């Protein structure tokens, strides 16, 4: 199992170890992150850097909500990318990371 920069314990504490609430929040994260990644991909393919940055900002917030710092850092990098080529490179890493992380979440949902 990969070691994630995810403060799972902080999330559990915040939600008072309510397994149902934790599962629901993680399911929402999984669905929304997949949609945001699809939106970012579409924007980058269309050359719409501003739109990709806006979606990356939303993904950064979603990652922050569940204390997934590694995802939030990459999303911030995409949000601040100076150009389309850099954004595409960061997106490639972000896409892979969030995809792998979402598979890990299946253990908790």
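The values are calculated or read from the model by the stated rules, or taken from the named source; none is laboratory data. Computed from a predicted structure; not experimentally measured. FYI the Cβ positions are ideal-geometry reconstructions off the backbone, even for glycines, and counts take in every protein chain you see.
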Subset of segment 56-70 that is touching a residue at least 60 places away in the same chain (Cβ under 8 Å) and buried (at least 20 other Cβ atoms within 10 Å of the Cβ) - its residue that is farthest from residue 12 (Cα to Cα): 68
Options 53, 42; residue that is in contact with a helix residue (DSSP H, G or I) (Cβ under 8 Å, 6 or more places away or on another chain), in a helix (DSSP H, G or I) and either farther than 14 Å from residue 96 by Cα or free of Cβ contacts under 8 Å to residues at least 60 places away in the same chain (or both): 53
Some residue of segment 18-25 being in contact (Cβ under 8 Å) with a residue 40 or more places away in the chain and surrounded by 15 or more Cβ atoms within 10 Å (Cβ to Cβ): yes
Qualifying positions in segment 81-109 - outside any helix (DSSP H, G or I), exposed (fewer than 14 other Cβ atoms within 10 Å of the Cβ) and at pLDDT 95 or above: 82, 83
